[in-house]
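Working notes for the structure below.
No lab work stands behind these numbers, since they all come straight from the coordinates. Source: prediction; values computed, not measured. So basically every Cβ, Gly included, is an ideal-geometry build from the backbone, and we count neighbours across all protein chains shown.
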Amino acid sequence: MPDVRDALIIGKRSDGSLVRRPLSPHLQIYKPQVSTVTSILNRATGIAISVGLILMVWWLVAAATGPKAFASAQGFIGSPIGLIMMFGWTVALWYHFCAGIRHLVWDAGYGYGVKTSHQTALITVAATVVLTVISWIIGLAVWL
């Protein structure tokens, strides 16, 4: 009995002869690579930054509205959930920034080699960690 999927992978060449076309790899057999993971993370952090900016806009609008609204927003942001969200937003902001610099270097025509690409990916992650920690040390020193 023929497999119904065969109809999807059988094609004709320009001379009319039949050919089996390859199927795209599925997630079950695909192995993530550094370049794809960093690219997906760059897109995800862009979305996270947008969501975090909603929180920041709420905080700014509350500050402009009055003391009661500001106290409410500040109370949420200062809560454990708010601090976790702000930490995640800071990580996303710094990762997106560092990955953006990496992409600018690529746009200039440098860093396309596999070894260089892997090195810049590690540098991007390390810089994200360092910049996030520095930001939080400064932020908590000013806040507390």
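What to note about this one:
- Charge dipole (the chain, unit charges on Cβ, about Cα centre) - positive-most of 106, 62, 90: 106
- Put in order of Cβ neighbour count within 10 Å, fewest first, the listed residues 51, 142 become 142, 51.
- In a simple Cβ point-charge model (Lys, Arg +1; Asp, Glu -1; nothing else charged), the chain has a dipole of about 300 debye relative to its Cα centre.
- Sequence of 14, 79, 117 once ranked by neighbouring C-beta atoms within 10 Å, starting from the fewest: 14, 79, 117
- Relative contact order of the chain, taken over Cα pairs closer than 8 Å and 6 or more residues apart, is 21 percent.
- Span from the the range 121-139 Cα centroid across to the the range 58-97 one, whole angstrom: 20
- Convex hull volume of the chain per residue (C-alpha atoms, cubic angstrom): 235
- Calculated FRET value between residue 135 and residue 103, using beta carbons and R₀ = 22 Å, to 0.05: 0.55
- Order of 96, 103 - criterion: other Cβ atoms within 10 Å of each residue's Cβ, fewest first: 103, 96
- Tensor-based shape of the range 56-104 (alpha-carbon gyration tensor, a/c under 1.5 rounded, otherwise prolate or oblate): oblate
- Of all lysines in the structure, the ones whose alpha carbon falls short of 19 Å from that of residue 31, not counting any fewer than 8 places away in one chain, are 115.
- Helix 114-143 axis, angle to the chain major axis (alpha carbon atoms, nearest 10°): 20
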